[in-house]
Amino acid sequence: MKLDANQIDDWEWEIKPSVGWFDFSFKKILNHTDLIWSLTKRDLQSSHKQTVLGNFWLIFQPLITTIVYTLVFANIIKVSTDGMPPLLFYLTGNMLWSFFADSMFGSLYTFRTNAHILSKVYFPRIILPLSSVLVQAYKLGVNLLFFIVAVLFYQFFTNWEVSFNLNLIAIPFLLAFVALYALALGSFSFILTTKYKDLENIIQLVMRLYMFVTPVFYPVSLVSKELSWAFWFNPLTAIFESFRACYSLSEFWTMELYISLGSITVFSMIALLIFRKFESKFIEVL
């Protein structure tokens, strides 16, 4: 029996992502690993394209910044570094802060940069900020190699001794929490700035101020007891201090570190769930 052409209904297919509060699947992200690596590779290649120094910028930029910090804060202002070599102290702070800030802003702006992709094909949107964080992780890896060379130099050619201990194994663990914090904060900030454009300027200002309440240029020991409790509310404070403690004689596993890691975990879960819930609505207005 043949059907009349007029009896055949027209079909329209529409693919809609699930937008429930808890529709967050790591399996979906793992199914798009090829896309993640493609985006990461593309951003890495474009970041230093048509530059004279090329990939050398990955070392040159933090090196120059660290030297300036050392000259200003260690030699002019005479800020204490708790017995650590000033170059290592400021290299650590600059390296960690750059990783956090660049990952956060990368997660924030990646949606506008890739708006043309978002309008054509569906994939888990969290992949975009994730690839941005991976780009910064690669740059951090290069900086860590330079950092290791600097540590070994001080170990063998100066009187300062590195405390080689099991805490060094925890460094990737600390960096993973910095990455998670930046990813969640950047994705959540994107939701806010898409609805309220002027918040973008406020976020940039807050991030500049945030650097000064994070122990990038100074150890927390310099902060008065009356104010030190407020600095520990910053989850990055314990991570920065513990990172430096990995290769010094300072205490590593402190209560402040446990609280910091716990607060980052809770905040990141809430921020990413909010992002998952509202991502489809705000991406439409890009």
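The values are calculated or read from the model by the stated rules, or taken from the named source; none is laboratory data. If you're wondering where the values come from, they're calculated on a predicted model, not measured in any experiment. FYI the Cβ positions are ideal-geometry reconstructions off the backbone, even for glycines, and counts take in every protein chain you see.
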ask   = Which number in (1) modelled with pLDDT of 90 or more; (2) buried (at least 19 other Cβ atoms within 10 Å of the Cβ); (3) of a type in the set (S, T, N, Q) marks the one condition that residue 204 misses?
value = (2)
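Every residue, every condition in (1) β-branched (Val, Ile, Thr); (2) touching a Pro at 6+ places or on another chain (Cβ under 8 Å); (3) under 22 Å from residue 58 (Cβ atoms), yes or no:
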{"residue": "91", "(1), (2), (3)": "no, yes, yes"}
{"residue": "102", "(1), (2), (3)": "no, no, yes"}
{"residue": "107", "(1), (2), (3)": "no, yes, yes"}
{"residue": "112", "(1), (2), (3)": "no, no, no"}
{"residue": "126", "(1), (2), (3)": "yes, no, no"}
{"residue": "130", "(1), (2), (3)": "no, no, yes"}
{"residue": "135", "(1), (2), (3)": "yes, no, yes"}
{"residue": "144", "(1), (2), (3)": "no, no, yes"}
{"residue": "172", "(1), (2), (3)": "no, no, yes"}
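Looking at segment 79-91 only, could you name the residues that are surrounded by fewer than 23 Cβ atoms within 10 Å (Cβ to Cβ) and touching a residue at least 24 places away in the same chain (Cβ under 8 Å)?
Step one: list which residues in segment 79-91 are surrounded by fewer than 23 Cβ atoms within 10 Å (Cβ to Cβ), which gives 79-88.
Hits for segment 79-91 are 79, 80, 81, 82, 83, 84, 85, 87, 88.
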Matching residues, segment 220-246, being within 21 Å of the chain's Cα centre (by Cα) and farther than 30 Å from residue 190 by Cβ = 244, 245, 246
